[in-house]
Amino acid sequence: MGILFHLFASFFLIGISAYGGGIATIALIQHEIVAVHGWLTATQMRDVITIAQMTPGPIAINSATLTGYKICGIGGALLASLAVITPGILLLIGYTLTVSHLRSKDTLNRVKLALHPGILALIIYSVYTFGSVSIDGLTTGGIAAAAFLAMLFTGRRVHPVLIIIAAGLLGIAIFH
Amino acid sequence: MPDTNARRAEATTSLGKIFWVFFKIGLFTFGGGFAMLPVLSYELYTKRKWIDKEELTDIVSVSTVFPGAIAVNSAFLQGLRMRGIPGVIAAITGIITPSIIIILLIGMFLFRFTSLHIVQAFFKGAGAAITGQIAYAVYVFGRGTTLNLRTVGLTLAILVILFVFKVHPIVAILISGAVGAFIFPKENA
């Protein structure tokens, strides 16, 4: 029971700061799961996040499902997934009950404006936390730089998942 | 409740239909919330006319203000508009079910192979690429942020706190919200 409670609490916390398309949660997921609880090793966490990026659905929920499954089986998977979406849903319930229509743009824009620096900082921090387990030399550094440039120059024409798969195959060619 | 202005056609949409449409959106969304927007727009606006362009913009903009997956938040708002609380449940279970099934299958049958050398080699390359993609997200998100002395200053201050004091990353959101509410005056919004 104890571990299920901690699992729920961890992913609830992750859900609170899940902003900006999930990328901003990466540092937080690593921190909670690897540093605070030690449920997964840093490399396992890298694998989980990579799988979460390559499969359909939001990265925060995918990581929650897979981490929860690794720790407590199917019950853990469902609990962690539920936990990560709960904060957003609770806040949305509060919002729809108090604001009668979707258009209180002023308040919404202010909240957005206030949170932007924190989210930006978290994404930058995620480059560091995820990079420190994924980049161990010139080769992996080069792949990261190439992926960055590929995103920059192809915009949305090449799907991000294709870039990840290409880099994975390159990884097999180089490291295997 | 905001669903009072839901339209007649919507009120008659079955919960199964809502579940199915959001199931498809969940299934075809690879790579995070912003990848989902074209799919969401196609299913709800282009194909089914469940909402108009302006409502779509509203849903997306509200979804991004609240924490959590944009997909789930959008499902909440649209489900609520169409069928109230049962609609919310249908839409949310619809959108998260495909990924939960896929991830569970991976967890049950494939995750044990991650220790194989060839799979680790794949993850090494793929993980490096994801680092590059996160860096790209910094660029995209930074471009979407109004860069002025206050936003850059606050971002840098939070980074210092994260890197130097190794605090819990959630502190970044808390500080940003608390400080941001004070330093960004209303007329800036």
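Within the range B:18-77, the set of residues being among the small types (Gly, Ala, Ser) and either more than 23 Å from B:Ile100 (Cβ to Cβ) or surrounded by 24 or more Cβ atoms within 10 Å (Cβ to Cβ) (or both) comprises B:Gly26, B:Gly31, B:Gly32, B:Gly33, B:Ser41, B:Ser61, B:Ser63, B:Gly68, B:Ala69, B:Ala71, B:Ser74, B:Ala75. Where in the range B:26-144 are there helices (runs of 4 or more DSSP H), lying fully within it, with 1 or more residues that are over 26 Å from A:Ser126 (Cβ atoms) and at the interface with chain A (Cβ under 7 Å from one of its Cβ atoms)? Because the criterion is at least 1 residues that are over 26 Å from A:Ser126 (Cβ atoms) and at the interface with chain A (Cβ under 7 Å from one of its Cβ atoms), the helices (runs of 4 or more DSSP H) in the range B:26-144 that meet it are B:53-65, B:70-105, B:117-144. Taking the range B:145-185 as the range and being more than 7 Å from chain A (Cβ to nearest Cβ), farther than 14 Å from A:Leu115 by Cα and touching a helix residue (DSSP H, G or I) at 6+ places or on another chain (Cβ under 8 Å) as the test, the residues that pass are B:Ile161, B:Phe163, B:Val167. For the range A:15-58, a residue qualifies if it is buried (at least 24 other Cβ atoms within 10 Å of the Cβ), in contact with a strand residue (DSSP E or B) (Cβ under 9 Å, 6 or more places away or on another chain) and assigned to a helix (DSSP H, G or I), and exactly one does: A:Gln53.
Checked against (1) over 23 Å from A:Ala18 (Cβ atoms); (2) in a helix (DSSP H, G or I), A:Leu108 meets all criteria but (1).
Which one of these is at the interface with chain B (Cβ under 7 Å from one of its Cβ atoms) and among the small types (Gly, Ala, Ser): A:Gly155, A:Gly142, A:Gly168?
The conditions single out A:Gly168.
Would you mind stating whether B:Ile96 is buried (at least 19 other Cβ atoms within 10 Å of the Cβ), aliphatic (A, V, I, L, M), closer than 30 Å to A:His159 by Cβ and touching a residue at least 40 places away in the same chain (Cβ under 8 Å)? Yes: the conditions hold for B:Ile96. Close Cβ contacts (under 8 Å, 6 or more residues apart or on different chains) running from residues in the range B:22-36 that are within 13 Å of A:Val161 (Cα to Cα) to residues that are at pLDDT below 75 and outside any loop (DSSP other than H, G, I, E, B) comprise B:Thr29/B:Ala35; B:Thr29/B:Met36. In the range A:126-139, the residue that is farthest from the other protein chains (Cβ to nearest Cβ) out of those that are of a type outside the set (Gly, Ala, Ser) and not in a helix (DSSP H, G or I) is A:Asp136.
Here is a yes/no grid of residues against (1) under 21 Å from B:Pro67 (Cβ atoms); (2) exposed (fewer than 14 other Cβ atoms within 10 Å of the Cβ):
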{"residue": "A:Thr96", "(1), (2)": "yes, no"}
{"residue": "A:Val133", "(1), (2)": "no, no"}
{"residue": "A:Val158", "(1), (2)": "no, yes"}
{"residue": "A:Ala167", "(1), (2)": "no, no"}
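All conditions in (1) under 25 Å from B:Leu110 (Cα atoms); (2) touching a Leu at 6+ places or on another chain (Cβ under 8 Å) hold for A:Leu78, with the sole exception of (2). Selection of the range B:53-84 for residues being in contact with a helix residue (DSSP H, G or I) (Cβ under 9 Å, 6 or more places away or on another chain) and over 16 Å from A:Gly88 (Cβ atoms) yields B:Lys53, B:Glu55, B:Leu56, B:Asp58, B:Arg81, B:Met82, B:Arg83, B:Gly84. Tallying residues that are of a type in the set (Gly, Ala, Ser), under 12 Å from B:Thr131 (Cα atoms) and in contact with a Phe, Trp or Tyr (Cβ under 8 Å, 6 or more places away or on another chain) within the range A:131-169 yields 1.
Checked against (1) within 25 Å of B:Leu159 (Cβ to Cβ); (2) of a type in the set (S, T, N, Q); (3) over 16 Å from the mean Cα position of the chain (by Cα), A:Ser63 meets all criteria but (3).
The values are calculated or read from the model by the stated rules, or taken from the named source; none is laboratory data. Not measured: the values here are computed from a predicted model. Because the Cβ atoms are built from the backbone with ideal geometry, glycine has one as well, and the counts that use them run over all protein chains shown.
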